[in-house]
Amino acid sequence: MTDPSPPRAPSPACGHAAVDATATAGRAGMRRARRRDRRVYLTSHPVLFALLAATRRRPAVRLGGTVLAHSRAGYLDGLLRVPLDRTAEGTTGGAAGRLTGGGLLFDQEGDDHRSSRRGLADALSADGVEKLRPIWTRLLAERIAPLAAGHPINLVDVAADLAGTTTATMLNLDVSGRDLAAAARDAAAAGAREHLPGPRRPGTRRAAAAAAAHLNDVISAGHGGAPDRREDDSGLAAMLAVAAINTTVAALPRAAAWCADAGFWPYAETDLDALVTELLRATTPTPLLPRVAAASGTIAGCPVHAGDRLILIARHAVDAHRTDPDPVGPAPPQVAQLVFGAGPHACPGARLARVQMADTLAALAPYRPKVISARPDRRSALPGWSSLILAPTR
């Protein structure tokens with residue numbers, strides 16, 4: 001039986017051999033976890049992440065009309081100090097416009113922007129999250145019950161069911177959570193290539209339009225096809241579904257794999273907040289943000305011109321590429337929080353993401369599950385697993 005307390009250095013009385021064995025096992029687990037997690041990047045977008053790795057030693061790099069912001073200062077410059085074209089092609093805002101018929105969620109300006117964000121903040125407030133919490137805790141109890149009987153589970157399927165059902169409830173949709181999750185994941189995957197630098201495959205735009213239309217059809221059916229339903233309400237629902245479902249399906253399985261490989265399960269019982277903070281920082285579910293500059297500015301000393309494409313690399317801003325998750329010594333809050341953006345561009349779903357991850361890891365921890373198999377998702381919008389099979393060790 002595994003000791004429920006977090007791994008600690010043995011006392012001197014244990015002898016040098018025991019100390020060395022424990023340290024070696026810990027280092028091996030971290031290497032295994034790091035190698036496994038790296039596969040999601042190398043499989044999903046190998047060319048892009050090879051480019052990022054080759055240029056990351058410089059705070060900001062210009063490649064033709066694209067500026068890559070690697071440093072924390074550059075990331076913040078791109079979010080807060082360079083005027084942005086919020087509807088440009090190849091940006092999150094541009095994709096939102098196509099998905100919602102012009103009803104943007106996160107990229108509006110002026111009163112509309114503030115009003116939309118206030119409404120969303122209310123829905124995702126502490127009270128709002130607590131109202132939703134019984135939905136996913138009941139589902140978690142049902143979906144991970146096979147572990148208690150010694151059977152494996154596919155955590156990607158569990159995460160998709162959890163995310164889709166929670167989002168459907170939040171949006172008051174009468175639709176299967178699995179159907180909503182499938183449509184939102186397809187819409188994000190089909191549109192992801194338009195966010196990234198480089199040539200697009202033939203038919204990419206048509207595929208993205210078809211997937212977006214299907215998601216909107218699912219949402220419309222969930223509303224009962226009500227003819228008086230406002231178009232911007234449907235657009236808001238579509239954007240929320242894409243954001244909430246895809247980040248959850250990417251984040252939860254990757255976090256669980258880290259816990260299994262690195263021996264972090266005991267921390268889910270003793271230092272859950274620190275564990276969640278570090279796993280969100282290390283996995284950075286949305287590793288980069290595509291933007292377009294609306295006017296001249298500077299990113300980490302690199303001049304930016306109107307029309308330049310900006311790739312703001314959140315993963316590098318929080319040092320996820322250099323430092324492993326450390327629940328004992330977590331990164332400062334002002335650093336870890338950058339995985340959710342900053343200022344007016346901060347993700348309003350941060351609280352929901354943290355609580356869902358905490359509840360999922362806490363539910364899994366008693367079984368000390370190990371990874372039986374893991375298959376990276378080659379087509380997902382965000383780096384993640386298409387299948388992650390966990391089996392209990394208790």
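A few notes on this one:
- Qualifying residue in the stretch 43-52 (condition: in a helix (DSSP H, G or I), touching a strand residue (DSSP E or B) at 6+ places or on another chain (Cβ under 7 Å) and either modelled with pLDDT of 85 or more or among the basic types (Lys, Arg) (or both)): yes
- Whether a residue is over 30 Å from Asp217 (Cβ atoms), touching a residue at least 24 places away in the same chain (Cβ under 8 Å) and surrounded by fewer than 24 Cβ atoms within 10 Å (Cβ to Cβ) was assessed, and Leu240 does not pass this test.
- Filter pass, Ala250 being modelled with pLDDT of 95 or more and closer than 24 Å to Thr167 by Cβ: yes
- In a residue-by-residue description of the stretch 360-376, the property of being modelled with pLDDT of 95 or more, closer than 25 Å to Pro290 by Cα and not β-branched (Val, Ile, Thr) applies to at least one position.
- Filtered by the rule that a residue be part of a helix (DSSP H, G or I) and out of contact with any Cys (no Cβ under 8 Å at 6 or more places or on another chain), the stretch 64-81 gives Arg72, Ala73, Tyr75, Leu76, Asp77, Gly78, Leu79, Leu80.
- Hey, Asp261 within 28 Å of Arg368 (Cβ to Cβ), touching a strand residue (DSSP E or B) at 6+ places or on another chain (Cβ under 7 Å) and of a type outside the set (Phe, Trp, Tyr) or not: yes
- Leu289 meets each of the listed conditions (1) in a strand (DSSP E or B); (2) under 14 Å from Arg72 (Cα atoms); (3) touching an Asp or Glu at 6+ places or on another chain (Cβ under 9 Å) apart from (3).
- Single residue of the stretch 341-359 satisfying the filter (modelled with pLDDT of 95 or more and among the small types (Gly, Ala, Ser)) that is surrounded by the most Cβ atoms within 10 Å (Cβ to Cβ): Ala353
- Criterion violated by Gly29 - all others in (1) under 17 Å from Arg322 (Cβ atoms); (2) among the small types (Gly, Ala, Ser); (3) surrounded by 14 or more Cβ atoms within 10 Å (Cβ to Cβ) satisfied: (1)
- Enumeration of residues in the stretch 305-334 that are among the β-branched types (Val, Ile, Thr), surrounded by fewer than 16 Cβ atoms within 10 Å (Cβ to Cβ) and farther than 19 Å from Arg38 by Cβ: Val328
- Identification of helices (runs of 4 or more DSSP H) wholly contained in the stretch 142-193 with 2 or more residues that are surrounded by fewer than 20 Cβ atoms within 10 Å (Cβ to Cβ) and not aliphatic (A, V, I, L, M) yields 155-170, 177-192.
- For Ala363, the criteria (1) crowded, with 21+ Cβ neighbours inside 10 Å; (2) part of a helix (DSSP H, G or I); (3) in contact with a Leu (Cβ under 8 Å, 6 or more places away or on another chain) hold in every case but one, which is (1).
The values are calculated or read from the model by the stated rules, or taken from the named source; none is laboratory data. Every value quoted in this text rests on a predicted model; they were computed, and no experiment measured them. Glycine gets a Cβ as well: all are built from the backbone with ideal geometry, and neighbour counts include every protein chain shown.
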